[in-house]
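To start, the structure itself, in structure tokens.
The values are calculated or read from the model by the stated rules, or taken from the named source; none is laboratory data. Since this is a predicted model, take the numbers as computed values, not measurements. Reconstructed Cβ throughout: ideal geometry from the backbone, glycine too, with neighbour counts over all protein chains shown.
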Amino acid sequence: MYLLLVLTALCYTVATVTRVMHKVAMGWGRQPEDSGLWPSRVGLAAGPGSQAGEGGRGGPGSGAPGSGSAGVPARLPAGAGGHRTPRLTWFRGPFAPVLVAGPIGVGLAAHLGAGALLLMGGAAPEHFSSRAAFLLAAGVLALVCAALEWRAGETFFSIFGLPLAGILVGFAGLSESVWQNPLFERPWFLAHVAAAVAGECFFLMAAVSATTYLFMVRRLKSKNRLRALQVFPPLAQLDRFTVLFLQSGVAAFGVGIAFGAWGWVGAFGLSGLLGPKKILSAASFVFFAALLAARSRHVLVGPRWSMLTIAGFVGSLSVLLVDRGTHWLAP
């Protein structure tokens, strides 16, 4: 299993480097309408006035490199006729799908294999290893990044999510903590842990999206447009991603709370539902649900909405800090 963990972390690292190189390439010479690494998901055909014409020429106001229009570099990339240099075509050639999907695909396969070996490892049913929690969190982050790339062509979040997934896989390889409780052999317990961990991962991605939103707003307000500002998703898209991540997180976290409460009541009755961790978990769920309700009614928008999203994620992390090994003890 350790070999699979190493392979998983290595593939996530290679996938991150590939996506960083793509973003750098975008800053060098990518047209604004090109998005994503997946050739089938990007518009390569030049529309009227959208790209440079034949020979790399662009008319006034066309937005083509060299046209001198606002916000577009006036200097053409090196190469005859203004064509992109070979390093910028790595992501558009016939091997682009392999270059892009290969590392993350192999990483996800190795990740799945490591998880399967962990489940078949022969541990006692009442044992729960912290290694499983780390692998689960890393798997959720990697799957979210892959889904965003496939469905939306957006690789920005992979630059943050995949390295963190690789770090969590490393923790899984180093962690040897094992907790023991008769409740751990119940199916509802695994469902509770899986849903709760997935919810926290979605809250993390929402916080990343909200932080990027605030960063871009601050840069634009100070008229300090980044040299490669186009490597970031548009503000409106970041806002939509934040909403999507929070909706997914609230749904998953709510399912986790429901399974946990149902299993606890079935095992011990209503006593103990007011424990610190249970209260904080419920408070986090209510906070994010109220945040989404306020956003849907346009009560909270823009930077204030983003700041509350970040604060909510930081607060939800406290759920992990109040557990002193008593969370699943009988009241």
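A few notes on this one:
- Selection from segment 141-183 of residues that are in a helix (DSSP H, G or I), farther than 22 Å from Val20 by Cβ and either charged (D, E, K, R) or touching a residue at least 60 places away in the same chain (Cβ under 8 Å) (or both): Ala172, Gly173, Leu183
- Of the residues examined, Gly170 is not one that is surrounded by 20 or more Cβ atoms within 10 Å (Cβ to Cβ) and of a type in the set (Gly, Ala, Ser).
- Pair list, Cβ under 7 Å, 6 or more apart: segment 267-292 residue outside the structural domain of Gly256 (by TED's automatic domain parsing), other residue part of a loop (DSSP other than H, G, I, E, B): none
- Here Val255 fulfils each of the conditions (1) out of contact with any strand residue (DSSP E or B) (no Cβ under 9 Å at 6 or more places or on another chain); (2) β-branched (Val, Ile, Thr); (3) surrounded by 18 or more Cβ atoms within 10 Å (Cβ to Cβ); (4) closer than 21 Å to Leu136 by Cα apart from (3).
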